[in-house]
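The values are calculated or read from the model by the stated rules, or taken from the named source; none is laboratory data. For clarity, every value in this text was computed on a predicted model and none was experimentally measured. A quick note on method: Cβ atoms are made from the backbone with ideal geometry, for glycine too, and the neighbour counts reach across all protein chains shown. With ligands, DNA and RNA removed, areas are computed over all heavy atoms of the protein, side chains included. Shrake-Rupley method; radii C 1.70, N 1.55, O 1.52, S 1.80 Å.
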Amino acid sequence: MVITAKQEALVVNSWNEMKDDAPTFALKFFLRLFEIIPSAAKRFSFLRDSNLPLEKNPKLKAHAMGVFVMTCEAATQLRKTGKVDVGANTSVKHLASVHFKSGIADVHFEVLKFALLETIKEAVPYLWSEELKEAWSESYDHLVLAIKNEM
């Protein structure tokens, strides 16, 4: 499973179209997840202890943005290095540990992927195509595979 130069370009170009409103789209991305699996919100410690509505929670906004950015960056990393690196402030091992402790299962990753793709489709409908869907899917799948391999 290798991302192509064309797929990388599709992800990066669509990201560039979305990035000015990325915080809004990132939040929509996670709100979609919670619409599909309402109980998923309980898996986030920063949501369990909060009385704020989900759409107002600054920690959810930051988390959603981080996942959105990591998925986009995964495409570029895969082309450059052949692997996914999640950044200087965290590690794949740490992400795997957090996801494992939270009881995240394959179904959660799949629903999150669906929510991601639906959000991108809404964000850039004029760019949406089967190729764009596949490009973002590949990037997301590589990121998830890296996390699962450490779980």
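Just a few scattered comments:
- Every pair of residues 6+ apart whose Cβ atoms lie under 8 Å, when the first sits in the range 1-28 and is of a type in the set (Lys, Arg) while the second is in a helix (DSSP H, G or I): Lys6/Glu131; Lys6/Ala135; Lys28/Thr119; Lys28/Glu122
- Those residues of the range 37-56 which are outside any loop (DSSP other than H, G, I, E, B) and open to solvent by 80 Å² or more (accessible area, probe 1.4 Å), in sequence order: Pro38, Lys42, Arg43, Arg48, Glu55, Lys56
- Selection within the range 57-71 - open to solvent by 10 Å² or more (accessible area, probe 1.4 Å) and touching a Ser or Thr at 6+ places or on another chain (Cβ under 7 Å): none
- Matching residues in the range 123-136 - criterion: being open to solvent by 10 Å² or more (accessible area, probe 1.4 Å) and touching a residue at least 24 places away in the same chain (Cβ under 8 Å): Ala123, Leu127, Glu131, Glu134
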